[in-house]
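Visitor: Please read through the structure below; I'll follow up with questions.
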Amino acid sequence: MSYCAFLDVLGFSERIRTSYEDGTEDILLMDFHQILARSIDKFKENTSESMLYFKSFTDNVVLAHPQFSEDMESEFGFILWSIIKYQFQMALKGFFIRGGLAVGQLFMDENSVYGAALLDAYHLESKVAVNPVVVLCDRTMKLVDIHIGYYSGEIAPQRRDVLKGPDGRYFLNYLTECIIDGDEQQFLDTKSLLLHKKQIERALKAYAPIPAVLSKFSWLAAYHNYFCDMISGYPEYDEMMKVSEKLASVQFQQIGLSSHQ
């Protein structure tokens, strides 16, 4: 058994075509290459320190972590940490990630990757994750619910790292990367949160004439604002960090609210 994530950049092919038309292909490809190279270096570090496997091709990334514990909670934490760091850094450059995270049988080495978990993760990315989000398969959602049951009240880390969309599907809350652990207390990376807002607003403006694409970034704006509500108690927080409410009308919630309060 392994966790497996299949990730790609939302609208990457179209952005490449557009960049060649307006002569900005060098800038786009350089930005993408730099952030992908840094992310791959991080994946390599994680691979040497844990059992994480990764492969990348074009704008696609496959991550996997094999089972080593009975309940697979630690394994979930390892792969989640890698995914959200990748999502976050890509988003700050305007590359928003869509993907799926599944659990099941998988074979992966330096040459190949195949198995039911990869097929499920790819299906989630291509058919379920309509918006720029990494969604969990049903089986992974059930595992997360079990893990939450180990904790009392609000202290379960999954309550912060995983959210529930309007469709009931769990997805990874990558904006938790804006919460920095200090020596004595946590604080907000306000610069990155404001940059995330700016990238969303830029996309909303660019795709205003294309309703099918605009709706995906409206969803992202709503997620950004929901996260802002989550961290509004931090002293560094300011309402100006939110995207205009007119552009963000989707509803989210924390997981485990009904059965693990």
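The values are calculated or read from the model by the stated rules, or taken from the named source; none is laboratory data. Note that the coordinates shown come from a computational prediction; the quantities given were computed from them, not determined experimentally. Here the Cβ is made from the backbone with ideal geometry for all residues, glycine too, and neighbour counts use every protein chain on show.
Visitor: Take ASP31 and decide whether it is of a type outside the set (Gly, Ala, Ser), part of a helix (DSSP H, G or I) and exposed (fewer than 13 other Cβ atoms within 10 Å of the Cβ).
Guide: In short, no.
Visitor: Take segment 45-87 and flag every residue that is surrounded by fewer than 21 Cβ atoms within 10 Å (Cβ to Cβ), at pLDDT below 90 and not in a strand (DSSP E or B).
Guide: Across segment 45-87, the qualifying residues are GLU45, ASN46, THR47, SER48, GLU49, SER50, MET51, THR58, ASP59.
Visitor: Mind checking which residues of segment 175-225 are hydrophobic (A, V, I, L, M, F, W, C) and touching a strand residue (DSSP E or B) at 6+ places or on another chain (Cβ under 9 Å)?
Guide: CYS178, ILE179, ILE180, PHE187, LEU188
Visitor: So LEU194 ticks every box in (1) farther than 18 Å from HIS65 by Cα; (2) in contact (Cβ under 8 Å) with a residue 60 or more places away in the chain but one. Which box is left unticked?
Guide: (2)
Visitor: If you go through segment 102-112, how many residues are farther than 19 Å from MET72 by Cβ and either in contact (Cβ under 8 Å) with a residue 60 or more places away in the chain or hydroxyl-bearing (Ser, Thr, Tyr) (or both)?
Guide: Qualifying residue count for the region: 1.
Visitor: Moving on. Quick one: how many residues across segment 134-149 are modelled with pLDDT of 95 or more and assigned to a loop (DSSP other than H, G, I, E, B)?
Guide: 1
Visitor: Take residues that are over 25 Å from GLY11 (Cβ atoms), modelled with pLDDT of 90 or more and among the aliphatic types (A, V, I, L, M) and tell me which of the helices (runs of 4 or more DSSP H) falling wholly in segment 150-261 contain 1 or more.
Guide: Where helices (runs of 4 or more DSSP H) fall fully within segment 150-261 and carry at least 1 residues being over 25 Å from GLY11 (Cβ atoms), modelled with pLDDT of 90 or more and among the aliphatic types (A, V, I, L, M), they are 211-230.
Visitor: Kindly indicate which of VAL103, VAL113 is surrounded by fewer than 24 Cβ atoms within 10 Å (Cβ to Cβ) and of a type in the set (A, V, I, L, M, F, W, C).
Guide: From the options VAL103, VAL113, the qualifying one is VAL113.
Visitor: State whether the residues of segment 89-109 include one that is over 24 Å from SER19 (Cα atoms), assigned to a helix (DSSP H, G or I) and either modelled with pLDDT of 95 or more or more than 17 Å from the chain's Cα centre (by Cα) (or both).
Guide: For segment 89-109, residues over 24 Å from SER19 (Cα atoms), assigned to a helix (DSSP H, G or I) and either modelled with pLDDT of 95 or more or more than 17 Å from the chain's Cα centre (by Cα) (or both): absent.
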